1. Is region 129-140 home to any residue that is free of Cβ contacts under 8 Å to residues at least 12 places away in the same chain, farther than 30 Å from K210 by Cβ and exposed (fewer than 10 other Cβ atoms within 10 Å of the Cβ)?
2. Taking the criterion of being assigned by TED's automatic domain parsing to the domain that holds I253 and either on the phi > 0 side of the Ramachandran plot or outside any helix (DSSP H, G or I) (or both), would at least one residue in region 139-155 satisfy it?
3. Sort through S63, S95, S105 and tell me the only one that's loosely packed, with under 11 Cβ neighbours inside 10 Å, part of a helix (DSSP H, G or I) and in the same structural domain as A36 (by TED's automatic domain parsing).
4. I'm trying to understand the selection: among the residues of region 269-315, which are β-branched (V, I, T), within 46 Å of the chain's Cα centre (by Cα) and surrounded by 15 or more Cβ atoms within 10 Å (Cβ to Cβ)?
5. Criterion first (of a type in the set (A, V, I, L, M), buried (at least 16 other Cβ atoms within 10 Å of the Cβ) and closer than 19 Å to L258 by Cα) does L208 satisfy it?
6. Which pairs turn up if I take residues in region 252-277 that are in a helix (DSSP H, G or I) and look for partners that are acidic (D, E) with beta carbon separation below 9 Å, at least 6 apart in sequence or on another chain?
7. Every residue in region 165-186 that is surrounded by 11 or more Cβ atoms within 10 Å (Cβ to Cβ), among the β-branched types (V, I, T) and either modelled with pLDDT of 90 or more or not in a helix (DSSP H, G or I) (or both), please.
8. Can you say whether L257 is assigned by TED's automatic domain parsing to the domain that holds N197, closer than 13 Å to D189 by Cβ, surrounded by 16 or more Cβ atoms within 10 Å (Cβ to Cβ) and touching a helix residue (DSSP H, G or I) at 6+ places or on another chain (Cβ under 9 Å), as far as the supplied structure shows?
Amino acid sequence: MGCASLLCTYINPIRVTFFTYLTVYLLVFKYFLYIAAMIMVYTIYVLMVAVKKNRPTAILNLSASVLFFVTIVNDVFVTFDISRGPYLATYGFFSYILIQSLNLSRNYARKFKESESLTVDLIELNRTLDDKIDLRTKELQDTNGKLRELTYLDGLTGVNNRRFFDEKMTEEVSKSKDRIEPMTLLMMDLDEFKNYNDSYGHVMGDELIKDVATMFKDVMGDKGYVSRYGGEEFVAIIPNCGIGKGKEYANLICQRLLDAKVSHMNSSMHKFVTISIGGTSSSNHNHVKPEDWIALADKALYQSKLNGKNQVTML
């Protein structure tokens, strides 16, 4: 529309009248009408395409333009005595301006409504944002917790692994200094496990380790922390437990395994799988570092092996 207006203004017949002879004006005016007609047709075509594409306010624009162009054509016909009647271009232009004003008002109202809708959406988003962040944070914490648990579990047995034991031992030793109740550490080792593997194969050996780990968890329950120390060795940290109670747990473990009567044909002393256990407690010793606990429990386990296996030694 801006280009059309500029073109019409540029070849306005009044300017041609001021700067040329009358004959030139009459010749140019005829061509001006042709150009104006083409501009009007092109404008209507563009507006009809806009209506077809459902552009906002396109229908009002088309209606205003058609009305305005009809009044211009009427004035041209009246001027050249093709028809008789009043000049209407002024009214047509006024109607065009009026409709365009209505168009602008509707446009403004639509944009204002969109702005209000966006404001409501933004308020709602801000209101729920904290809840969404809290929910996502909780989900991440749960996921991190599960990942942390997986890093502390032994892949074969499902009990805690050596990493868990090292960290938990450091933590519990630190706590034991301020506790009134003592703490006990047990180290357990399957007797002649290499011979068992040689006789029954490593697959059966793995199954035995898993079964023994399950038995340890059943015996200890929530009283202590059972971990796989390495190979066929297991350890149990038992807080709030003196050496006497610790020995009871150890004897129960030995007896439970013996009662299971897991066949071991190549055992040098027994025909069933057995276990040797060594332990130590802060009720007997003033252990300072985790290494002190482990060294003494390992020494007790070694004595159980020397004394014939399938037994408990507490130091």
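1. Quick first cut of region 129-140, residues free of Cβ contacts under 8 Å to residues at least 12 places away in the same chain only: 129-140.
Now drop any that are not farther than 30 Å from K210 by Cβ, which leaves 129-140.
Still in the list and also exposed (fewer than 10 other Cβ atoms within 10 Å of the Cβ): 130-131.
There is at least one residue in region 129-140 that is free of Cβ contacts under 8 Å to residues at least 12 places away in the same chain, farther than 30 Å from K210 by Cβ and exposed (fewer than 10 other Cβ atoms within 10 Å of the Cβ).
2. Step one: of region 139-155, the residues assigned by TED's automatic domain parsing to the domain that holds I253 are none.
The answer is no, given that none of the residues of region 139-155 is assigned by TED's automatic domain parsing to the domain that holds I253 and either on the phi > 0 side of the Ramachandran plot or outside any helix (DSSP H, G or I) (or both).
3. Working: S63 fails: loosely packed, with under 11 Cβ neighbours inside 10 Å; S95 fails: loosely packed, with under 11 Cβ neighbours inside 10 Å.
Checking each option against the conditions leaves just S105.
4. Taking region 269-315 as the starting set, the residues that turn out to be β-branched (V, I, T) are 273-275, 277, 280, 288, 294, 312-313.
Retained after the next criterion (residues that are within 46 Å of the chain's Cα centre (by Cα)): 288, 294.
Hit for region 269-315 is I294, nothing else.
5. Values: of a type in the set (A, V, I, L, M): yes; buried (at least 16 other Cβ atoms within 10 Å of the Cβ): yes; closer than 19 Å to L258 by Cα: yes.
Taking the combined requirement at face value, the residue satisfies it.
6. R256/D218; A260/D211
7. Across region 165-186, the qualifying residues are T170, T184.
8. Criteria met by L257.
The values are calculated or read from the model by the stated rules, or taken from the named source; none is laboratory data. Values in this document were obtained by computation on a predicted structure and should not be read as measured data. Cβ coordinates were reconstructed from backbone atoms using ideal geometry, including for glycine residues, and neighbour counts include every protein chain displayed.
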